[in-house]
Amino acid sequence: MPGGRRRRWGFRRIVSLILLLLVALLAAIWLYLEFSINRVNALPDYEGRPAAAEGTNWLIVGSDSRAGLTPEQAKRLRSGDETGTSGRRTDTILVAHLPDNGTKPTLVSFPRDSDVEVPGYGVTKINSAFSYGGPKLMARTVEQATGLRIDHYAEVGFGGFAQIVDAIGGVEMKIPEKMTDTITGMTIPKGKQELNGAQALGFVRMRHSTATPRSDLDRVVNQRKFIGALAGELSSPSTFLNPFHVVPLLGAAPESLTIDKGDHLHNVIGLGWAMRGISSGGTVTTTVPVTDGSATTWDPTKSDQLFNALKNDTPVPKSVIEN
């Protein structure tokens, strides 16, 4: 009996020690990410800024900056070089609305060629705001154009995006039709497959292809599909319980992601968790309604209905959903 009690006590101590070590490891990982992620002052107050309304709004930007890429990386990602681009712009502009009630989250794409008022620069392409004034002007432009107050900011660059995808071993996608970019030469075959970082970047950027006849309007749909698939992979136990994925991801994430100085890791996790619903229909996805295929002019009535629904945490009318 005395020996049995000692063995049980020893087992309990071992289990308690393992649990303690796991908690300490998780805490260390959390603190590492919290203090390692890049931050920028993207959301300062200014006169005339929209008032806070219902729910929470994220501005998500995919920067097309080539800065920091080696020539080998630029070649692999088929991004072109830094000198071949006119300033720092955005291939991806999205607003994610996370409601305070039972309404579904909404992910809205903004065609990069939309003509809007960019403060200080007049009416011009929305993505040029990033080139003129970085995250601050980009956020202010979106706020003024939509009437939505942006509460959080996230930015991912070319290289960082590919690193995250490669870190988790790729992202599974079903490609309905072979895609060949006539500009970069990138080809993605038809069928269900794991896209690596370079392929994923090609997929979300591709608009010069027979598989994307609507150009940017097709591209933004593909971007939302991929975000849903990526969020699903990141939240999967097969990712965060696999050290061969977690360790590279911990190395890639801090350099890949830039958030507002007021944002924290739990905000980012909340965003990712909400975006898991894209593939299952648990998240509403749409493009800002436009008047024609050039995607330069927003439909004034439908876009107002969309933005008003987000302000008030009410369901987005089906008549304004553009997919």
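Compared with the dominant Cα axis of the chain, that is its longest principal axis, helix 300-311 is turned about 20°.
Computed extension length for GLU54-PHE35: 3.9 nm, one decimal, from 0.36 nm per residue of separation with the Cα-Cα distance subtracted.
Within straight-line reach of LYS261, meaning a Cα separation under 16 Å, sit the following lysines at least 8 residues removed in sequence or on another chain: LYS136. In terms of modelled amide H atoms, which long-range or inter-chain residues lie less than 5 Å from the amide H of GLU322? When sequence neighbours closer than 5 places are left aside, the close amide H contacts are THR287.
Against the chain, whose longest principal axis is taken from its Cα atoms, helix 265-275 shows a tilt of about 70°. Label positions at VAL246 and TYR46, each projected 7 Å from the Cα along the C-beta direction, are separated by 4.2 nm. Sorting the segments 258-266, 178-186 by their mean number of nearby beta carbons within 10 angstrom, highest to lowest, gives 258-266, 178-186. For the chain, the longest principal axis of the Cα atoms and the long axis of helix 2-36 meet at an angle of about 20 degrees.
Dipole size of the chain about its Cα centre, with +1 on Lys/Arg Cβ and -1 on Asp/Glu Cβ: approximately 1540 debye, rounded to the nearest 20.
Computed on the Cα trace of the stretch 179-282, the radius of gyration divided by the Kirkwood hydrodynamic radius gives Rg/Rh = 1.00.
Cα extents for the chain along the principal axes, largest to smallest and rounded to whole angstrom: 83, 45, 35.
Any read-out appearing in this document is the output of simple, stated calculations on the displayed coordinates, not a laboratory observation. The structure presented is a predicted model; accordingly, all values stated were derived computationally and were not measured. With ideal geometry, Cβ positions are generated from the backbone for all residues, glycine too; neighbour counts draw on all protein chains shown.
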